[in-house]
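J.: A single structure is presented below for examination.
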Amino acid sequence: MKNMFAFLLMMGSLTLSAQAPATTDLNWTPTVKFEKTTHDFGVIPEGPKATYEFTFTNTGREPIVVGNAQAGCGCTTPEWPKEPIAPGKTGKITVGYNSEGRPGQFTKDVTVTFSSGVNRDKTGTTKLTITGNVTGKAADSQKK
């Protein structure tokens, strides 16, 4: 019976160690480099959706995953890759702005959450910002 208990204890510890993350650094930050984190659309007409692709490179030694890209409001829509980005490879976060009914200056942020492809408990964030000035339809029709 004593040997059986020892065997079960040993098997349980092996199972736990097999499930442990490859690294345990809880202060992990995403090892990504964005070409730029802000984009100014300049003056854009009201109506069409304005989009911009923020390109980043995984500069780390392990895959990273874009877990989420959260916009501050419904007028801004981010899209991101769902598959892990391998070391040295690039990914894109596409941010769209719906200008319909929103004339004037705007500044919108998108918070991108990255996690390690090895240990999903390790996360970090990056803020992307878009700005611009939407010319209203009324102002455009007065110019004609």
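The values are calculated or read from the model by the stated rules, or taken from the named source; none is laboratory data. A quick note: this is a predicted structure, and the numbers were derived from the prediction, not measured. Cβ atoms come from the backbone with ideal geometry, glycine included; neighbour counts cover every protein chain shown.
J.: Would you please name the residue that is modelled with the highest pLDDT, looking only at residues in the range 48-78 that are of a type outside the set (S, T, N, Q) and exposed (fewer than 14 other Cβ atoms within 10 Å of the Cβ)?
T.: Let us first name the residues in the range 48-78 that are of a type outside the set (S, T, N, Q), namely 48-50, 52-54, 56, 60-67, 69, 71-75, 78.
Within this subset, residues satisfying the condition of being exposed (fewer than 14 other Cβ atoms within 10 Å of the Cβ) are 48-49, 53, 61, 72-74.
Working: P48: 90, K49: 93, E53: 98, R61: 85, G72: 89, C73: 89, G74: 90.
The extreme case among them is E53.
J.: Another question, then. Name, by its number, the condition in (1) surrounded by 14 or more Cβ atoms within 10 Å (Cβ to Cβ); (2) not in a strand (DSSP E or B) that does not hold for K108.
T.: Single failed check for K108: (2).
J.: So which residues in the range 44-102 are in contact (Cβ under 8 Å) with a residue 40 or more places away in the chain, polar (S, T, N, Q) and within 27 Å of S116 (Cα to Cα)?
T.: N68, Q70, T76, T94 - these are the residues of the range 44-102 that are in contact (Cβ under 8 Å) with a residue 40 or more places away in the chain, polar (S, T, N, Q) and within 27 Å of S116 (Cα to Cα).
J.: Looking at the range 86-95, is at least one residue part of a strand (DSSP E or B), modelled with pLDDT of 95 or more and either among the aliphatic types (A, V, I, L, M) or over 16 Å from K36 (Cα atoms) (or both)?
T.: There is at least one residue in the range 86-95 that is part of a strand (DSSP E or B), modelled with pLDDT of 95 or more and either among the aliphatic types (A, V, I, L, M) or over 16 Å from K36 (Cα atoms) (or both).
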